[in-house]
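For reference, the structure is listed below as structure tokens.
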Amino acid sequence: MRSLCAWIGLALLVACTGDPGTHARSDWTELPNHHARCFRIFARGDERKVIVFGSGGADDTIAVHLTGTTKHRDGSDAIPVPPLARIAVLSTTHLPFISALDRTDRVMAATDLERIRDVATKQRIAQGQVREIATADGIDREQLLLAEVQVVFDYPFGQATHRATSPDQLFIPVTEYLEEHPLGRAEWIRFFGVVLDAEERADSMYAAIEGRYNSVAARAENLTTRPSVLFGSAWQGQWHVPAGNSYMAHLIEGAGGRYLFADRLGTGNIPLDMETMVSQGSQADVWGMIAEIDGVPSELDFTGGDDRLAGFKAVKEKHLFIGNSATADLFGQALLE
């Protein structure tokens, strides 16, 4: 634990590019990641430097965070402040990391309170201890000011608008959603551990998560046969499937499946026409999807009553699985579990 470490400097370098090594002088030592690619941690004694990357990868540095005891670049001493005690989050996906580190009592404001699933945060909301800071147009600046937070954990896109609304507020971009590997997303708990003075706890928790994941993946590697898996659904008449290098594709492979579209790489979901869906998906052993469904999911949630889809092998053999985001925190707690 580094509860005595103080935040005494934080420099945000928005939209700048360059080799991340330029931020790490010879007196800084990297604490290497295992799977995460969108942040890096460097140490110098009790100090920590965390670099956050955007969608451009290592050539897209969007923030540099400094903790501990250091000096500004001009050589002057930084002004010490206490460890972060009052924070706000602009994404519900950040809360499970914070809760796992037992730092929920520091969350003073958040967006989309009605959609938050994290149990500890919901308790604080019910007690009136968390302010709603989202509006249809962005951040409610008045509520953010009333929350008196030290920092706001934010997504990098839309950041310019947020900063224009609250130019004096400190925003920390979090890009965990860019990680393609499940362990890469889970490893962001180490990032939050550094920022929220819970580094040792975070490292220990991640090691346990990684061990459990790798244990399951190792068993999958020894399978003599793998079921072929179709994963996708229709939205407004257009079918979409995850890219072969995506978070979901990695999960399927790690669990012992053979993802049907593993050869289609990309940075987002891939659109499919119905002909491709039918010709390639009809013989898949298993069909899965993520959807928000009220009530008990059924076969109709997959086929929509279309006879062509009802004829799929997976449908006939009832080898269907669904992640119902209406009842499961698939975009929050599942990132760690």
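The values are calculated or read from the model by the stated rules, or taken from the named source; none is laboratory data. These figures come from a predicted structure and were not determined experimentally. Heads up, the Cβs are rebuilt from the backbone with ideal geometry, glycines too, and the neighbour counts pull from every protein chain shown. Side chains are part of the model used for accessible areas, which takes the heavy atoms of the whole protein and leaves out ligands, DNA and RNA. Shrake-Rupley method; radii C 1.70, N 1.55, O 1.52, S 1.80 Å.
Rounded to 0.05, the FRET efficiency of the ASP102 and ASP307 pair, given R0 = 56 Å and the Cβ-Cβ distance, is 0.60. Relative contact order, whole percent, for region 254-337 stands at 32, derived from Cα pairs under 8 Å and 6 or more residues apart. On the basis of the beta-carbon distance and an R0 of 45 Å, LYS316 and GLN123 show a calculated FRET efficiency of 0.50. Taking the Cα of GLU114, stepping 7 Å toward and past its beta carbon, and measuring to each backbone N in region 295-337: which are under 20 Å? Within reach of a label on GLU114: 295, 325-332.
Here the label points at ARG226 and ILE290, each 7 Å from Cα along the C-beta direction, are separated by 2.0 nm in the simple model.
What spacing in nm lies between the two simple spin-label points modelled at ARG264 and ASP168, each 7 Å away from Cα in the Cβ direction? The answer from the label model is 5.1 nm.
Only Cα pairs under 8 Å and at least 6 apart count here; give the relative contact order of region 95-237 as a rounded whole percent.
On the way: 117 pairs, mean separation 24.1, N = 143.
Normalised by residue count, the contact order of region 95-237 is 17 percent.
Between the beta carbons of ARG86 and SER204, assuming R0 = 25 Å, the FRET efficiency works out to 0.45 to the nearest 0.05.
Cα-based Rg of region 169-293 per 2.2 N^0.38 Å, rounded to two decimals?
Working: Rg = 17.5 Å, N = 125, 2.2 N^0.38 = 13.8 Å.
My calculation over the Cα atoms of region 169-293 gives 1.27.
Separation of region 270-314 and region 112-141, taken as the distance between their Cα centroids, equals 35 angstrom.
Can you send over the carbon and sulfur percentage of the accessible area for region 180-301, probe radius 1.4 Å, protein chains only?
Numbers: 3080 of 5930 Å².
Ligands and nucleic acids excluded, carbon and sulfur give 52 percent.
DSSP finds beta bridges in region 221-296, and of those with both partners inside it, around 55 percent are antiparallel. Loop-located trypsin sites (Lys or Arg not before Pro) in region 273-327 (DSSP state not H, G, I, E or B) with no more than 13 neighbouring Cβ atoms inside 10 Å: LYS318.
Directionally averaged projected area (region 270-337, Cα convex hull): 5.4 nm².
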